[in-house]
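Colleague: Let me give you the structure first, and then I'll get to my questions.
The values are calculated or read from the model by the stated rules, or taken from the named source; none is laboratory data. Note that the structure is a prediction, hence the values are computed from the model and not measured. Neighbour counts run over all protein chains shown; Cβ positions are idealised from the backbone, glycine included. Just the protein is used for accessible areas: all its heavy atoms, side chains included, with ligands, DNA and RNA removed. Shrake-Rupley method; radii C 1.70, N 1.55, O 1.52, S 1.80 Å.
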Amino acid sequence: MKRILVAIKRVVDYNVRIRVKPDGTGVITDGVKMSINPFDEIALEEALRIKEKGQAEEVVAVSIGPADCQQQLRTALAMGADRALHVQTDAVIEPLDAARIFKSLADREQALLAILGKQAIDDDCNQTGQMLAALWNRPQATFASKVEINGDKALVTREVDAGLETLEIDLPAVITADLRLNEPRYVKLPDIMKAKKKPLETLDLAAVGVTPAERLRAVKFDPPAQRSKGVMVKDVQELVEALKRRGLA
Amino acid sequence: MSKILVIAEHDGSKLNPATAKCVACASAIPGADISVLVLAASAGAVAAQAANIAGVARVLTLENAVFAQALAATIAPAVVGATGDHTHIFGPSTTFGKDLMPRIAALLGAPQISDLMAVESATRFKRPIYAGNAIVTVECAADSKVVATVRVASFEAAGAASAAAPIEALQLSVELPTHTRFVAVTAARSDRPDLQTAARVVSGGRALGSAENFKILYSLADKMGAAVGASRAAVDAGYAANEMQVGQTGKIIAPELYMAFGISGAIQHLTGIKDARTIVAINKDPEAPIFEVADFGLVGDLFQIVPELEKQLGQKA
Ligand SMILES: Cc1cc2nc3c(=O)[nH]c(=O)nc-3n(C[C@H](O)[C@H](O)[C@H](O)COP(=O)(O)OP(=O)(O)OC[C@H]3O[C@@H](n4cnc5c(N)ncnc54)[C@H](O)[C@@H]3O)c2cc1C
Ligand SMILES: Cc1cc2nc3c(=O)[nH]c(=O)nc-3n(C[C@H](O)[C@H](O)[C@H](O)COP(=O)(O)OP(=O)(O)OC[C@H]3O[C@@H](n4cnc5c(N)ncnc54)[C@H](O)[C@@H]3O)c2cc1C
């Protein structure tokens, strides 16, 4: 069966303004709105479109994390994923361990493609997809803005600093989604009802054979240096004079 | 002692300025012994430039025809084959480094520090999370190699060396995969300065309304010797090319002067410009959040202000 694995990470919603705890032990996440990582929504949308074109048969949504991740997996099922896998853990999962878990699932599911977000907007690591590709020993096409499947190959256009780069990759492969890949569909109410009946399997870390390594330890969290609010100028002439005083005009 | 391997970014003939910034970052590690690794079809010219960066102890080269394109899947095993007893492997946090470094880290079984912005010790570093809304200090296990992408906006490029470092050619010891093939790259050629390293940047948002209207910014930029950037909204709408996007998911820049025209100042945009020396905001909405971070703010219609500015600004300094 041609199967696509899609990563669904539960993260603080992108509209929430995150603040550091006064004692520097973390950021305040209590009672904050949680959502699917925006890049993962795009990854899922792409997987669904590939399936709708008849180029894949099944889309499996995967999330790693605490019990609450199942909310985001249900949303993924409502969007159209066929089934979900929840690797349940309260441990800190570093990108390399997340990649190990995905590798184990890619083997188990005989995946044709794994589509992840290019980065999670909480830790902003931008690592997991590339690490999965390395461990799986398969191609990676990161920061994708266009994906075309042609049999056992794919043509992927990537957003790079120079412009747009196109790669041809053999499948199976890892693709990471950038913002302009597509616009995710909205979930309709009947789909939410239907999603409740779709299969959601829970696994523990032992089932995927991964023990978190904790190679990294967060020592403290600080708020960023604040820029002080400057001055308002009344017209272009005043602006140009201000720039001249700073040697910028 | 820390032995740091910096992976050079280049286009086959010219070293990208991001590499000298990675060297500056590596130099901040106490007792750093720094090597630069150049992978290229023909490494000579780039290696010579790398050898002239202050702080570089040696330049290592790996030559192979396939390195004409910097494909992470092909390069990563070659880098891993060349790491030897290096304790740290650094690359820039450009799309080149972001694509490549995690693949190297995974092959080494090492963790990666993304967007390294400050060095506290050989194992302790600072990096931004949550679109720069928090800075985390991270300690790496001492028994592991450390892979990092260096947030180039946080470092001043290392200067020129007084004497060139020696260049040593390595032999490729591993087989390279063929499952990933380069097809094409489309890059808008421009005579304007590179956005990532420009001293001055003029940037436009959704308010520009069309690609045609963006021309008023190009004209102003050319008068000022500036690069042109854009918000995500402007890029999504097709007013500007993707490589012009500034922000959390675009380029993180630190110019002397950043001028934002018709950009509201969403957190994802601001994270890309926090390190700019001077920020100027032009917006018709006096409540726009961009004014919270601007050194100089001007409320008004950009379509009147841009031409007037162009008229009043002198030639580039
Ligand atoms: C120093 C440090 C301290 C940490 N502290 C904490 C902490 O206090 N509490 C805590 O809960 N976590 C903690 N973590 C773990 C952290 O929240 C992330 O889960 C982990 O670092 C992965 O980073 P990322 O999501 O930014 O990866 P990225 O590489 O940016 O993610 C890219 C893509 O990978 C996929 N992906 C990644 N992780 C998952 C996942 N879990 N499920 C599904 N898909 C995924 C998604 O598609 C995502 O878009 C810490 C990590 C580090 C390094
Ligand atoms: C995961 C994620 C990642 C993102 N990454 C990025 C990123 O990297 N970079 C980025 O920029 N955004 C990013 N965004 C998007 C960001 O949230 C904003 O939507 C975007 O920055 C808004 O662009 P804008 O300011 O051009 O548009 P708007 O917010 O629509 O602002 C337009 C502004 O123009 C002003 N205006 C209108 N007409 C005029 C006029 N005639 N003269 C003067 N002013 C005028 C208005 O008052 C308004 O303030 C990201 C979002 C998400 C969810």
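Colleague: How large is the Kirkwood hydrodynamic radius of chain B, counting all unique pairs of alpha carbons, in Å?
Modeller: Working: mean 1/r = 0.0483 Å⁻¹.
Final number for the Kirkwood radius of chain B is 20.7 Å.
Colleague: How large is Rg/Rh for region A:155-249, to two decimals, with Cα atoms and a Kirkwood Rh?
Modeller: With Rg and the Kirkwood Rh in hand, the quotient comes to 1.18.
Colleague: In addition: Expressed in whole Å with the largest first, what are the equivalent ellipsoid semi-axes of the protein assembly as shown derived from the C-alpha gyration tensor as the square root of 5 times each eigenvalue?
Modeller: Working from the Cα gyration tensor, I get semi-axes of 36, 31, 23 Å.
Colleague: While we're here: So which of A:Lys118/A:Lys197; A:Lys153/A:Lys198; B:Lys14/B:Lys215; B:Lys98/B:Lys311 end up more than 32 Å apart by C-alpha?
Modeller: Table pairs above 32 Å Cα-Cα are B:Lys98/B:Lys311.
Colleague: Only bridges whose two residues both fall in region B:3-121 count here: according to DSSP, what percent of them are antiparallel, nearest 5?
Modeller: 5
Colleague: Give me a comma-separated list of calculated 3J(HN,Hα) values for region B:112-122, in order, Karplus coefficients 6.51, -1.76, 1.60 applied at θ = phi - 60°, integers in Hz, x for any Gly or Pro.
Modeller: 10, 9, 8, 6, 3, 10, 7, 9, 9, 6, 5
Colleague: Also, quick follow-up: Please list log₁₀ I(q)/I(0) at q = 0.12, 0.17 Å⁻¹ for chain A, using the Debye equation with identical point scatterers on the alpha-carbon positions.
Modeller: With no solvent term, the Cα-only Debye profile gives -0.73, -1.27.
Colleague: Here is a further query. Could you name the aspartates and glutamates in cross-link range of B:Lys145, using Cα to Cα under 18 Å and dropping any fewer than eight places away on the same chain?
Modeller: Answer for B:Lys145, where 18 Å is the Cα cut-off: A:Glu94, A:Asp97, A:Glu214, B:Asp33, B:Asp85, B:Asp115, B:Glu120, listed by chain and number.
Colleague: If you roll a 1.4 Å probe over region A:3-245 with all protein chains in place, what percent of the accessible area is carbon or sulfur?
Modeller: Looking at region A:3-245 in its full context, I get 50 percent from C and S.
Colleague: Another one. Under the definition of partner shielding as Cβ atoms of other protein chains within 10 Å of a residue Cβ, what is the mean value for peptide B:238-248?
Modeller: Counting Cβ atoms of other protein chains within 10 Å of each residue's Cβ and averaging gives 3.
Colleague: So if I place +1 on the C-beta of Lys and Arg and -1 on the C-beta of Asp and Glu, and nothing else carries charge, what would the dipole magnitude of the protein assembly as shown be about its Cα centre? I want it in debye, nearest 20.
Modeller: 480
Colleague: Which loop-located trypsin sites (Lys or Arg not before Pro) does region B:236-317 contain, where loop means any DSSP state but H, G, I, E or B and the Cβ has at most 15 other Cβ atoms within 10 Å? It would help to have the intermediate numbers written out before the result.
Modeller: Working: sites: B:Lys251, B:Lys274, B:Arg277, B:Lys284, B:Lys311, B:Lys316; in loops: B:Lys274, B:Arg277, B:Lys284, B:Lys316.
Those that pass, being in a loop and sparsely packed, are B:Arg277, B:Lys284, B:Lys316.
Colleague: Relative to the present Cα-Cα distance, how much length would full extension add between B:Asp33 and B:Ala161 at 0.36 nm per residue of separation?
Modeller: Contour length minus Cα-Cα distance gives 44.6 nm.
Colleague: At a probe radius of 1.4 Å, what is the per-residue accessible area of A:Val92, in Å² to the nearest 10?
Modeller: Spelled out: A:Val92, probe radius 1.4 Å, area about 100 Å².
Colleague: Binning every alpha carbon pair distance of region A:1-119 at 5 Å from zero, what are the percents per bin?
Modeller: 2, 11, 21, 22, 20, 11, 6, 4, 2, 1, 0
Colleague: With every protein chain present, what accessible area does A:Met193 have (1.4 Å probe, heavy atoms only), rounded to the nearest 10 Å²?
Modeller: Approximately 100 Å² for this residue.
Colleague: Residue by residue through region B:264-279, which ³J(HN,Hα) values in whole Hz follow from phi under the Karplus form 6.51 cos²θ - 1.76 cosθ + 1.60 (θ = phi - 60°), with glycine and proline marked x?
Modeller: 3J(HN,Hα) across region B:264-279, in whole Hz: 6, x, 4, 3, 5, 7, 4, 4, x, 10, 3, 8, 5, 5, 10, 10.
Colleague: Identify the GluC sites (Glu not before Pro) of region B:229-311 meeting these criteria: DSSP loop state and at most 10 other C-beta atoms within 10 Å of the C-beta.
Modeller: Values: sites: B:Glu243, B:Glu256, B:Glu287, B:Glu292, B:Glu308, B:Glu310; in loops: B:Glu256, B:Glu287.
Within region B:229-311, the qualifying GluC sites (Glu not before Pro) (loop, at most 10 other Cβ atoms within 10 Å) are B:Glu287.
Colleague: Quick one: plug the Kirkwood hydrodynamic radius of region B:2-78 (C-alpha pairs) into Stokes-Einstein at 20 °C, 1.002 mPa s, and report D in µm²/s.
Modeller: Answer from the Stokes-Einstein relation: 172 µm²/s.
Colleague: I've got another one for you. When the helix-only estimate is applied to the protein assembly as shown (DSSP H runs of n ≥ 4, each -39,500 (n - 2.57), divided by the residue count), what is the mean residue ellipticity at 222 nm, nearest 500 deg cm²/dmol?
Modeller: So the calculated ellipticity at 222 nm is -7500 deg cm²/dmol.
Colleague: Ignoring ligands, DNA and RNA, what percent of the 1.4 Å accessible area of region B:174-317 is carbon and sulfur?
Modeller: That share works out to 50 percent.
Colleague: Would you list the P(r) distribution for region B:2-169, with all Cα-Cα distances sorted into 5 Å bins from 0 and each bin expressed as a whole %?
Modeller: With a bin width of 5 Å, the distribution comes to 2, 10, 20, 24, 22, 14, 6, 2, 0.
Colleague: Heavy atoms only, 1.4 Å probe, whole protein assembly: order A:Glu214, A:Glu238, A:Glu45 by accessible area, highest first.
Modeller: Solvent-accessible surface, decreasing: A:Glu214, A:Glu238, A:Glu45.
Colleague: I'd like to know how region A:75-138 sits against the 2.2 N^0.38 Å rule of thumb: what's its Cα Rg over that expected value? All intermediate terms of the calculation are to be shown ahead of the outcome.
Modeller: Working: Rg = 12.3 Å, N = 64, 2.2 N^0.38 = 10.7 Å.
So region A:75-138 has a normalised radius of gyration of 1.15.
Colleague: Rolling a 1.4 angstrom probe over the protein chains, ignoring ligands and nucleic acids, what is the accessible area of A:Asp123 in square angstrom, nearest 10?
Modeller: 60
Colleague: Just counting partner chain Cβ atoms within 10 Å, what average do the residues of peptide A:114-125 show around their Cβ?
Modeller: Values: counts 0, 0, 0, 0, 4, 4, 1, 6, 4, 6, 11, 10.
Per-residue shielding by partner chains comes out at 4.
Colleague: To the nearest whole number, what is the average tally of beta carbon atoms from other chains within 10 Å of the beta carbons of peptide A:232-240?
Modeller: On the way: counts 8, 6, 3, 5, 13, 3, 2, 11, 6.
Rounded to a whole number, the mean comes out at 6.
Colleague: Sketch the reach of a paramagnetic label on A:Arg217 as a point 7 Å from Cα along Cα-to-Cβ, and name the residues of region B:134-169 whose backbone nitrogen lies under 13 Å away.
Modeller: B:138-143
Colleague: What is the helix-to-structure angle for B:95-108, meaning the angle in degrees between its Cα long axis and the longest Cα principal axis of chain B, kept from 0 to 90 and rounded to the nearest 10?
Modeller: 30
Colleague: Name the residue from A:Ala242, A:Leu200, A:Ala134 whose Cα lies farthest towards the positive end of the charge dipole of chain A, charges +1 on Cβ of Lys and Arg and -1 on Cβ of Asp and Glu.
Modeller: It is A:Ala242, whose Cα lies furthest towards the positive end.
Colleague: Using only the C-alpha atoms of region B:200-313, find the volume of their convex hull and express it per residue in Å³. Mind showing how you got there, number by number?
Modeller: Working: hull volume 9.7 nm³, N = 114.
Per residue, the Cα convex hull of region B:200-313 comes to 85 Å³.
Colleague: For region B:1-78, which trypsin sites (Lys or Arg not before Pro) pass both filters: DSSP loop (anything but H, G, I, E, B) and at most 13 other C-beta atoms within 10 Å?
Modeller: B:Lys14
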